[in-house]
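To start, the structure under review is shown below, and the notes come after it.
All of the numbers you see were taken from the coordinates with simple rules; none came from a lab. Bear in mind the structure is a predicted one, so any value in this text is a computation, not a measurement. Every residue, glycine among them, receives a Cβ derived from its backbone with ideal geometry; neighbour counts consider all protein chains shown.
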Amino acid sequence: MATLENKSVKATLPAVVKYNNNPDKNLPPDGLIAAAAYIRGEHSVERLYSRGHNGCSCNPETAIEQFRMSEALYREKKCGARESGLADGKTPTIAEHLFMSFPADENVSYDLQCEIADKLCSSEILRDFYAISNRHYNTDNDHSHILVSNYAKDGSRKLSLNKTKRAALQ
């Protein structure tokens, strides 16, 4: 059975996206054909091993811009003329970093992990938010990282992952 944890991302969105898209973690042990295609320049690792959800690009730089645009829309709707609407010294949460981990003995296929990430991101809780996911192969257990924007795509609301909603996502 998979476990799901989350951590709020504040000012480090580019660093988290870079970590999630690290080819050393994303290339599967049997990914020689895909790696060769990458080296030949036919594809990018991001397009091979990143998945965009809810209209989000699988390209990391574009995904960051989409996350920032939804935040700007939210601030404009909420604050109007005010600059940020935040108390002095407070850093906004830009995204939620979800970690989906499977026990080592389960051997979950790439396709099944993608299907689970797709279902998770299209759930009633997350479907209005941009998300990008990556599967990592750098540990003994299969795991995926899902980065979900903290702001709805239309800027109408913020994401709230309280205990009840986290339990519903399990």
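Tabulated values for the structure
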| item | result |
| --- | --- |
| Trypsin sites (Lys or Arg not before Pro) within segment 134-170: DSSP coil, no more than 16 neighbouring Cβ in 10 Å | ARG157 |
| Flagged links, alpha-carbon separation over 21 Å, of LYS18/LYS78; LYS78/LYS153; LYS119/LYS153; LYS7/LYS78; LYS119/LYS163; LYS78/LYS119 | LYS18/LYS78; LYS7/LYS78; LYS78/LYS119 |
| Space enclosed by the convex hull of the alpha-carbon atoms of segment 93-170, per residue, Å³ | 95 Å³ |
